Amino acid sequence: MRENKKDIEVYSEDSLDVFRNAQVYTYRRLNDDEFAFKQLGMMIDETPRILHGEEGDSFDLYALTSFVGKGIKDVINVLDKNSDDINWLKIENQYLKQKVQQLEDRVGAA
């Protein structure tokens, strides 16, 4: 809860580059036998420190989940911008089609 926190700041770093560059792997731990079920995960050295647990050797799942939420917001922002750009391009395209039609009408009338 907000009441239990201090030094609150909006995290504004762009998450998309992290998602572009960090791989997701399947793996077995060193002490697993060869038939052990493979796990799915990321490598700590490919991610920002803010996602790591206190010891730095694992992920803080609350931080990772929050970061994924931030990633979703970043994707939504890109989609919104692209949607706006597409709408303006549609309007411009319609305008240009009308201009071409007007010019063709003039050339055809001459």
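The values are calculated or read from the model by the stated rules, or taken from the named source; none is laboratory data. Please read these numbers as outputs of a predicted model, since none were measured by experiment. Quick reminder, even Gly has a Cβ in these numbers, built from the backbone with ideal geometry, and neighbours come from all protein chains shown. Surface accessibility is based on the protein's heavy atoms, side chains included, excluding ligands, DNA and RNA. Shrake-Rupley method; radii C 1.70, N 1.55, O 1.52, S 1.80 Å.
Below, the figures for the structure above:
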{"quantity": "Residue satisfying condition, being in a helix (DSSP H, G or I) and open to solvent by 100 Å² or more (accessible area, probe 1.4 Å), within set ARG20, ARG29", "calculated": "ARG20"}
{"quantity": "Test: GLU34 is assigned to a loop (DSSP other than H, G, I, E, B), of a type outside the set (Val, Ile, Thr), within 23 Å of the chain's Cα centre (by Cα) and exposed (fewer than 12 other Cβ atoms within 10 Å of the Cβ)", "calculated": "no"}
{"quantity": "Filtered residues of the range 15-60 (kept if touching a residue at least 24 places away in the same chain (Cβ under 8 Å) and either among the basic types (Lys, Arg) or in contact with a Lys or Arg (Cβ under 9 Å, 6 or more places away or on another chain) (or both))", "calculated": "SER15"}
{"quantity": "Some residue of the range 43-50 being touching a His at 6+ places or on another chain (Cβ under 7 Å), surrounded by 12 or more Cβ atoms within 10 Å (Cβ to Cβ) and of a type in the set (Val, Ile, Thr)", "calculated": "yes"}
{"quantity": "Any hit, the range 3-11, residues being polar (S, T, N, Q), open to solvent by 50 Å² or more (accessible area, probe 1.4 Å) and in contact (Cβ under 8 Å) with a residue 12 or more places away in the chain", "calculated": "no"}
{"quantity": "Yes/no for GLY108 being in a helix (DSSP H, G or I), without any contact (Cβ under 8 Å) to a residue 40 or more places away in the chain and open to solvent by less than 100 Å² (accessible area, probe 1.4 Å)", "calculated": "yes"}
